[in-house]
Amino acid sequence: MFFKPAPQKRLRAAIGAVQHWACSASIAPRHRLPIKGLLVGLMLAASCGTALSDELFGRASVVDGDTLEVHGTRIRLWGIDAPESTQLCRGEDSLQYRCGAKVANDLDAYIGGRPVSCTPISLDQYGRTVATCSVNGTDLGQWLVSNGLALDWPNYSHGMYDKIQREAEHAGRGIWSGSYVAPWLFRVCIRAGGRPADCSDDANAHP
């Protein structure tokens, strides 16, 4: 199956242009900016001191279904959410299986030791680099969603992978062949004291 590369260059260029505007010393008082634009600019300028890594390229270790490590840098794949390592899903036979572990194994097999190229976008709340990553031009986030191994995360992706997710659902690929709890809801259940096996079936299965 052929996957068109996600528009990483356009995404990076847009972010870079905004950061350049916010961080540039050429913005003088004579330029009158709308209040909303000024506030956005100030927030971006405040982040100028926090430099992101340059583009990363090399062998990747798979930490879990949506996290890699390249040259010692922990990378969270942008715009998607994959089942957690302890999470279970139900297959078309209704039996539980370790979908989180399966996703990590499938991703590792797909990468197959080939070099990975990652374009940093931001840092998450845990200090990890959030990036789009590709192998031979194939966006790994897109590959995961297309094969039903991860979900488009609209809070962050703004629907970037929504179309291919609907195609994966229609075809019954991966987790779409049975039932699952969205990973972000699974984590909420676990943090509330639920057990992995229970939270995997019902996101409200906590004390």
When THR86 is run through (1) surrounded by fewer than 22 Cβ atoms within 10 Å (Cβ to Cβ); (2) over 20 Å from ASP198 (Cβ atoms), the failure sits at (2)
Residue under evaluation MET160, criteria (1) assigned by TED's automatic domain parsing to the domain that holds VAL70; (2) touching a Leu at 6+ places or on another chain (Cβ under 6 Å), criterion not met: (2)
Checked the range 114-158 for anything β-branched (Val, Ile, Thr) and over 22 Å from LEU88 (Cα atoms); matches are VAL116, THR119, ILE121, THR129, VAL130, THR132, VAL135, THR138
Looking only at the range 181-195, and only at residues there that are in a helix (DSSP H, G or I) and touching a helix residue (DSSP H, G or I) at 6+ places or on another chain (Cβ under 7 Å), the one that is nearest to ARG98 (Cα to Cα): PHE186
Pair list, Cβ under 7 Å, 6 or more apart: the range 162-175 residue touching a residue at least 12 places away in the same chain (Cβ under 8 Å) and among the hydrophobic types (A, V, I, L, M, F, W, C), other residue assigned to a helix (DSSP H, G or I) and surrounded by 15 or more Cβ atoms within 10 Å (Cβ to Cβ): ILE164/GLN142; ILE164/VAL145; ILE164/SER146; ALA168/VAL145; ALA168/SER146; ALA168/GLY174; ALA168/TRP176; ILE175/CYS99
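Counting residues that are on the phi < 0 side of the Ramachandran plot and exposed (fewer than 14 other Cβ atoms within 10 Å of the Cβ), which helices (runs of 4 or more DSSP H) fully inside the range 108-180 reach at least 3? Give the derivation first.
Numbers: elements: 140-146, 154-157, 162-171.
Ranges flagged: 162-171.
Among ASP106, ASP93, ASP124, which is touching a strand residue (DSSP E or B) at 6+ places or on another chain (Cβ under 9 Å) and under 26 Å from VAL181 (Cα atoms)? Full working, then the answer.
On the way: ASP106 fails: touching a strand residue (DSSP E or B) at 6+ places or on another chain (Cβ under 9 Å); ASP93 fails: touching a strand residue (DSSP E or B) at 6+ places or on another chain (Cβ under 9 Å).
The match here is ASP124.
The values are calculated or read from the model by the stated rules, or taken from the named source; none is laboratory data. The model shown is predicted, which means the values in this text are computed figures rather than measured ones. Backbone-built Cβ (ideal geometry, glycine too); neighbour counts: all protein chains shown.
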